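Working notes for the structure below.
The values are calculated or read from the model by the stated rules, or taken from the named source; none is laboratory data. Quantities reported herein were computed from a predicted structural model and do not represent experimental measurements. Ideal geometry is used to build each Cβ from the backbone, glycine not excepted, and the neighbour counts take in all protein chains shown. Remember, those area values only see protein heavy atoms, side chains included, never the ligands or the DNA or RNA. Shrake-Rupley method; radii C 1.70, N 1.55, O 1.52, S 1.80 Å.
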Amino acid sequence: MRILLVEDDEKIAAFIAKGLKEAGYTVDHAANGTDGLHLALTETYDAGIFDIMLPEIDGLQIIETMRGSDINMPLIILSARHRVDDRIKGLQTGADDYLVKPFSFSELLTRVQALIRRSRGTTDPTSLSMADLTLNLLTREIVRAGRDIELQPREFALLQFLMQNAGKAISKTAILEHIWGYNFDPQTNTVDVLVCRLRAKIDKEFPEKLLHTLRGVGYVLKAP
């Protein structure tokens, strides 16, 4: 899943981006309002995290423009402004949530997850399953045929993406965009390498293969 982070404080942005990536998200970061608005209007995201006080265009203007353009991605304002009036204004402008700095990253992550679930009209997810393979979204544990499987963050993100789209052909470009973000070189063989690593962990030691290559198309996760 992709998150748009618009934050001009480099330390805070790096802290948030690192935590989100470790949790399996892809993060696109903009350090000013102009770049943030451009990404919001031209790319697709599962959620956005916006500061209010930004160079060039402030966060509230970005949100107002997005809502006026019928872009309904879930949005969290992350701001040092803590007055009740500031929170009310942010929510009235179109934000879905408001978190005051300083903040706990675990709380931010929980709110992001809750907003994404709410936007999809789903209840709290617990796991994804395909044949004898299970991925627990809460504990981040992966089990196949009773055997625990250890995955790195990007391997986990890829498996989650494939399981959420089980039976569908997923292109390399879609994987690149989902796992690494919009600015990654599409000519790289990084997707092939990541898929190879994932396949070695979830398929190699098992008789039935789940991760299949569709030549000239991409990949699909499906039961035999």
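What the table shows:
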{"read-out": "Members of region 93-113 that are part of a helix (DSSP H, G or I) and either touching a helix residue (DSSP H, G or I) at 6+ places or on another chain (Cβ under 8 Å) or surrounded by 12 or more Cβ atoms within 10 Å (Cβ to Cβ) (or both)", "value": "T93, F105, L108, L109, R111, V112, Q113"}
{"read-out": "Residue under evaluation K172, criteria (1) exposed (fewer than 14 other Cβ atoms within 10 Å of the Cβ); (2) over 19 Å from A23 (Cβ atoms); (3) not hydroxyl-bearing (S, T, Y), criterion not met", "value": "(1)"}
{"read-out": "Tally, over region 81-92, of residues that are within 14 Å of G59 (Cα to Cα) and open to solvent by 30 Å² or more (accessible area, probe 1.4 Å)", "value": "5"}
{"read-out": "Some residue of region 15-25 being under 28 Å from Q160 (Cα atoms), without any contact (Cβ under 8 Å) to a residue 12 or more places away in the chain and open to solvent by 10 Å² or more (accessible area, probe 1.4 Å)", "value": "yes"}
{"read-out": "Which listed residue, of L198, L159, L151, is assigned to a loop (DSSP other than H, G, I, E, B), out of contact with any His (no Cβ under 8 Å at 6 or more places or on another chain) and surrounded by 14 or more Cβ atoms within 10 Å (Cβ to Cβ)", "value": "L151"}
{"read-out": "Output for region 73-92, where each listed residue is assigned to a loop (DSSP other than H, G, I, E, B) and at pLDDT 90 or above", "value": "M73, P74"}
{"read-out": "Flag for A131 being at pLDDT 90 or above, surrounded by fewer than 17 Cβ atoms within 10 Å (Cβ to Cβ), over 14 Å from the mean Cα position of the chain (by Cα) and not basic (K, R)", "value": "yes"}
